[in-house]
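Trainee: Please find one structure pasted underneath; my questions will follow.
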Amino acid sequence: MQSQKDSGTDISAGEVRLFSTRDNVVAVESPIKVRILGLVSNGPVAFDRIVEQTQKAKSTISVHIRDLERAGLIVSQPDPRDSRRRFIALSSSAIGRLTNRDRGAKSRRHVHRHGEHDEPFSDDDIVSFFRYCVKVFRTQAMAIGINIDPVLQRTGAEVGCVLAPRIAGRSVAEVVRKMDAFWQAHSLGAITLAGTDPLTIEVHGCFECEDLPVTGHGACAFDIGVLTEIFSHHLQCPVTVVEERCYSSGDDRCIFVITRQPDPV
């Protein structure tokens with residue numbers, strides 16, 4: 001699964017990426033190692049492709065790959081069609097990162113009218129209360145430098161697996177109509193099909209990010225997980241979901257572009 005527009009491979013100074021292996025939690029600070037892990041996050045990638053994408057010498061990439069293998073974060077395997085080629089695959093799970101990136105983000109003020117007063121949630125609306133709780137949780141995590149987007153995306157993927165058969169349809173348009181009906185029934189937002197080539201979904205009133213501070217980048221990791229599973233189920237193939245616009249970027253809606261994943265290269 002892939003995340004937002006930066007694909008999770010943008011690297012800010014001082015950031016620490018956290019990964020979970022079978023036995024340990026591993027912290028990764030090296031920008032090149034983070035870049036390698038990002039490149040293989042969607043599936044096996046040829047060694048030569050990694051060299052090309054990182055623009056580093058083969059010897060340098062070999063050293064980093066060896067370090068990552070020893071840490072249990074990746075595995076190297078031969079190409080079954082050409083033993084001279086190696087594919088690098090992720091053997092760990094991203095947990096999140098420690099980052100200063102969003103500490104100074106400015107909070108939005110979405111309030112509910114309650115009598116003569118504006119309140120952060122309405123007493124008679126449980127959905128507004130839970131949206132408020134999500135906002136507080138996410139903003140407090142930002143304030144202390146914790147980003148848990150990978151966990152949110154995995155959570156969304158699990159939810160998406162359950163939702164996919166419930167909103168299945170014969171066409172993309174039918175799936176989107178059923179999604180919109182479900183989203184609106186549960187006050188999650190409104191969904192429209194903005195385009196089919198590429199497949200583009202537009203969300204207004206996004207429950208995940210509308211109330212979050214403006215960070216300048218996308219924040220809908222949970223939605224990305226949900227959409228990935230729904231459209232992988234519908235298209236019967238793995239897909240990549242990229243968030244092109246987001247309330248957290250300062251936009252007035254969220255836009256997601258969904259494409260079929262290419263074969264490993």
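The values are calculated or read from the model by the stated rules, or taken from the named source; none is laboratory data. This structure is a prediction, so every number in the text was calculated from the model and none was measured. A quick note on method: Cβ atoms are made from the backbone with ideal geometry, for glycine too, and the neighbour counts reach across all protein chains shown.
Trainee: Considering only the stretch 122-147, state which residues are buried (at least 17 other Cβ atoms within 10 Å of the Cβ) and within 22 Å of G38 (Cβ to Cβ).
Mentor: M142, N147
Trainee: Test I224 against the stated conditions and say whether it is in a helix (DSSP H, G or I), in contact with a helix residue (DSSP H, G or I) (Cβ under 8 Å, 6 or more places away or on another chain) and at pLDDT 95 or above.
Mentor: Working: in a helix (DSSP H, G or I): yes; in contact with a helix residue (DSSP H, G or I) (Cβ under 8 Å, 6 or more places away or on another chain): yes; at pLDDT 95 or above: yes.
Taking the combined requirement at face value, the residue satisfies it.
The rows are residues; the columns are (1) at pLDDT below 95; (2) within 18 Å of P213 (Cβ to Cβ); (3) among the aliphatic types (A, V, I, L, M); (4) not assigned by TED's automatic domain parsing to the domain that holds I224.
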| residue | (1), (2), (3), (4) |
| --- | --- |
| V75 | no, no, yes, yes |
| R108 | yes, yes, no, yes |
| C133 | yes, yes, no, yes |
| M142 | yes, yes, yes, yes |
| L163 | no, no, yes, no |
| A168 | no, no, yes, no |
| V172 | no, no, yes, no |
| K178 | no, no, no, no |
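Trainee: If you go through the stretch 161-204 one residue at a time, how many are touching a Phe, Trp or Tyr at 6+ places or on another chain (Cβ under 9 Å), surrounded by 14 or more Cβ atoms within 10 Å (Cβ to Cβ) and not in a strand (DSSP E or B)?
Mentor: Final tally of qualifying residues: 9.
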